[in-house]
1. Along the stretch 164-172, what does the Karplus equation 6.51 cos²θ - 1.76 cosθ + 1.60 (θ = phi - 60°) give for ³J(HN,Hα), rounded to whole Hz, x for Gly and Pro?
2. So how far apart, in nm, are the two label points at L366 and R170 if each is 7 Å from Cα heading toward Cβ?
3. If a/c stays under 1.5 just call it rounded; otherwise compare a/b with b/c (prolate if a/b is bigger, oblate if not). Do that for the stretch 88-164, with a ≥ b ≥ c from the square roots of the Cα gyration tensor eigenvalues.
4. Can you compute the label reach from L132? Point 7 Å from Cα along the Cβ direction, backbone N cut-off under 12 Å, restricted to the stretch 88-106.
5. Under the rule of at least 5 residues apart or a separate chain, name every residue whose amide H is placed under 5 Å from the amide H of G283.
6. So for the stretch 17-166, Kirkwood radius off the Cα pairs, Stokes-Einstein at 37 °C and 0.692 mPa s: how many µm² s⁻¹?
7. Take each of the peptides 264-270, 19-25, 108-114, average the number of other beta-carbon atoms within 10 Å over its residues, and list them starting from the highest.
8. Less than 12 Å Cβ to Cβ from F290, Lys/Arg counted +1 and Asp/Glu -1: what total charge do the surrounding residues give?
Amino acid sequence: MSLSILRELIPDLGPISAAERLRACIGALIGILITGTVAKIASSSLNEILLLIAPMGASAVLLFTVPASPLAQPWSILGGNVASAVVGVICAKLIGDPLIAAAVAGGGAIAAMLLLRCLHPPGGAVALTAVLGGPSIQAAGFGFAFWTVGLNSLLLLLAALAFNNLTGRRYPHLRKEPSENPHRTSDPLPLSRVGLTTEDLDQARQQLDHLVDVDLEDLEAVLRQAERNAHRRRFGTVRCGEIMSRDVVTIPQDAPLHEAWDLLCRHHLRVLPVIGTERRVVGLLTQEGFLKHVGWSRYGDLRLNLRWFFKASRRPLIHRPHIVAQIMEKIGVSTGPETPIVDMVPYLSDTTNAVVLILDQTEQLLGIVGQSDIIAALYGDSVASP
């Protein structure tokens, strides 16, 4: 019975690979070593007390182990530690009893960090250090807060910035701006109109009325990934290679533009893969690409303008495109035939991608998956006409 209770007390930190554990340990080692070394050099040259303080060890745990945490962001460590140190110094100066001063400093540090939106748990230890750290720290006064704590926090932050990004961890964990609708309308992206939204998560977080140490963007990413996993479990047996169009109409990169337009019209296509040497795909030719170069929006008459465009395109003029390679676009999204079709839904829903190219390992074209292929595969006979 006691063993089961003990298991319940152990927090679930989630699966952490050995490589990630090693990365965090090495990062903390490097960060503390750099911080202590520079502080020691600065202390001897400036005749100041710029020692490495113990709370930096707790800051290192956050910065190198959970760099995505809101409590580990740059303003959290700088603002949180310095503000807590200032509160501790004030309490040490105004309150004679060290025990009462320490208690007030701890509570005041939390209040200051919450007010300044820079909550950083090691700040509580910084405040106690300012009160109980001994005569030398108390004699330094606000110099301890702005020099010692400020320098320690800044050095550790710089080490975390370099190490985390060099080892593949985005830091600082800045909140991304919401993706704009590629069609330039006020509607949210298609996948944001169904299921959980950011507003739902934010509202739920407010209703909990306690601090949740998870960035809202990360929480949304976890839930979105969980949704994808559920869809993959349901439709995961269907691969892109099973539903792709294999008889793909293509165009050589050196083909004249009028031939490409004829193919688009004849086969009722929006996109043509452009083939280069060794049958490798080098780009995409789209209807939008044609219209952009034709300048339909300026001249109005599409048929007359296309006629003028193709007629002019047959002339070898330097300033006017006349072959496919001159107006083709980048390939965009491509994948292999073994990719589950649910992985392609975000690319075909929330972007302007009309198709996903299915390539082999040598980048030769195997087929194409479009929006209609995905819909047919996901919903089957339910979308068939009666």
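1. 4, 6, 6, 9, x, 10, 5, 8, x
2. Label at L366, label at R170, 3.0 nm between them.
3. Details: a/c = 2.63, a/b = 1.52, b/c = 1.73.
Note, shape of the stretch 88-164 comes out oblate.
4. 98-106
5. Result for G283 returns V274.
6. Numbers: Rh = 15.2 Å.
Calculated translational D: 215 µm²/s.
7. Working: 264-270: 12.0, 19-25: 13.7, 108-114: 18.9.
The densest-packed peptide leads the list: 108-114, 19-25, 264-270.
8. On the way: positive: R270, K292; negative: D262, E288, E329.
Charge balance in the 12 Å sphere: -1.
Quick note: the coordinates plus some simple rules give every number you see, no bench work behind them. Note that the structure is predicted; figures quoted are calculated from it, not measured. All Cβ positions, glycine included, derive from the backbone under ideal geometry; neighbour counts span all protein chains shown.
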